[in-house]
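Input: a single structure, listed below in structure tokens.
What follows draws every value from the coordinates through simple rules; no lab data is involved. All values reported here derive from a predicted model rather than from experimental measurement. Don't worry about glycine lacking a Cβ; one is built from the backbone with ideal geometry, like all the others, and counts go over all protein chains shown.
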Amino acid sequence: MTFIFSIRQSSMIVLSPDSMNEMYARHLDWYPAIANPPSAPEFIDGLADIMGQFDLVLLDSYGVLCRGSTPIDGAAEAIQQLRANRIPFCVVSNDTLTNRSVAAERYQSRGFDFTGDEVLTSLDITEQYLGGLTNRNHIAVIAPLEHPSNHLLEGMVRLNGCNGEIPKGIDTLLFLTGAGWTAKMQENLVSTANGRQFELVVGNPDIGAPHGEHVTATPGYFVADLVEQTNQKAKPTLFGKPDRIIFSMAMEQHQMTEPSRVLMVGDTLYTDILGGNAMGFKTLLLQCGVYRHKDIMDVISSTGISPHYIAPCL
């Protein structure tokens, strides 16, 4: 029993923010240890209030810059303020439909003028893993049949094309992206996984992400649901926030050696804020994302995860 509230909305699974956080909390052993600031969070008006304190600003995408494909008011202007003040920044996202080869075009369609080297996604990290594989026929992947990484997915079983049913001979499941994944596919995945054990690899560890007026399930939800319903023993390998690898790569690319001079801006406590705090970054939680209709201090109290700063939007 996973205690979620879910409905079908264009075949998507829709979650409440509380049910999303409850699922994160049940799998804390997958994530870095909680490392909160020593004092209560400071409420600020926006990024402009504090940006001058930092040598690098890392920005989540969904819930910070946009909701689905719709930009959030004021986000593009905040990016221009960073540029005007010559403060380096990088979008650090668990988006597994966007890599650096398509980032500029995709963000331009949302109203942002990013270049490819200003975006780092968990798909970029996942592609490094995929590029090192020599045998793919034992892996089944959750991803739409048209995907930017198709050349690296050749030889794998495409579960979206199997209606979620896992064939025999598969010992590894790659949870890449939830695009096109339905509640029925998830039911079939669970049913055909019962009595079997798998290596679990997760390109996007987010359990939910804001999409329009709703929070929709993302690959972190699908793997957590599978683990809970089929008693999987393996700890999933995560390629995105809150795992250290994506943060470390962003620091390396910007030649940063002092974590306290980095600000992580996000809308989700269990990924952006927990991961940023664990790295030794300062963290800014925005209220315009998954928690925008919630009492933010109640959410912080219930999760036990706290940022350095809180603002209504970027």
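Data for the structure
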item	result
DSSP-defined antiparallel bridges as percent of all bridges, the chain, nearest 5	25 percent
Cα long-axis angle, helix 244-253 against the chain (0 to 90 degrees, to the nearest 10)	50 degrees
DSSP bridge orientation in the range 128-238 - percent antiparallel, rounded to nearest 5	25 percent
Likely footprinting exposure, W30, W181, fewest C-beta neighbours within 10 Å first	W30, W181
Neighbour cut-off at most 15 other Cβ (10 Å), DSSP loop, GluC sites (Glu not before Pro), the range 169-270	E213
Shape of the range 83-143, Cα gyration tensor, a/c cut at 1.5	prolate
Prolate/oblate/rounded label for the range 119-158 (Cα gyration tensor, a/c 1.5)	oblate
Rg followed by Dmax, in Å, when the range 128-238 is reduced to its Cα trace	13.1, 42
Three-way shape label, the range 275-314, alpha-carbon gyration tensor, a/c 1.5	oblate
Point-charge dipole on Cβ atoms (K/R +1, D/E -1) for the chain, about Cα centre, debye to 20	580 debye
FRET efficiency for E228 and I34, using Cβ-Cβ distance with R0 set to 25 Å, rounded to 0.05	0.70
Length released on extending from R83 to N194, taking residue separation times 0.36 nm less the Cα-Cα span	34.8 nm
Filter on K233/K294; K184/K235; K184/K233 - keep pairs with C-alpha separation over 29 Å	K233/K294
Charge dipole magnitude, Cβ of K and R +1, D and E -1 - the range 117-225, Cα centre, debye nearest 20	520 debye
Sequence of K241, K282 once ranked by neighbouring C-beta atoms within 10 Å, starting from the fewest	K282, K241
Solvent-free Debye scattering, log10 I(q)/I(0), computed from the Cα coordinates of the range 182-231 at q = 0.15, 0.32 Å⁻¹	-0.42, -1.26
Computed over the chain, the ratio Rg/Rh where both radii use C-alpha atoms and Rh is Kirkwood	0.95
Taking the C-alpha atoms of the range 181-314, convex hull volume expressed per residue in Å³	130 Å³
Computed helical MRE - 222 nm, the chain, DSSP H runs ≥ 4 contributing -39500 (n - 2.57), nearest 500	-8000 deg cm²/dmol
Max mean-square fluctuation residue, GNM over the chain, Cα-Cα springs under 10 Å, options T182, T134, T268	T134
20 Å Cα-Cα reach of K241 towards lysines, excluding residues that sit fewer than 8 places from it in its own chain	K282
Neighbour-count order for R136, R83, fewest beta carbons within 10 angstrom listed first	R83, R136
Percent breakdown of C-alpha pair distances by 10 Å bin, ordered from the shortest bin, for the range 207-277	16, 41, 29, 13, 1
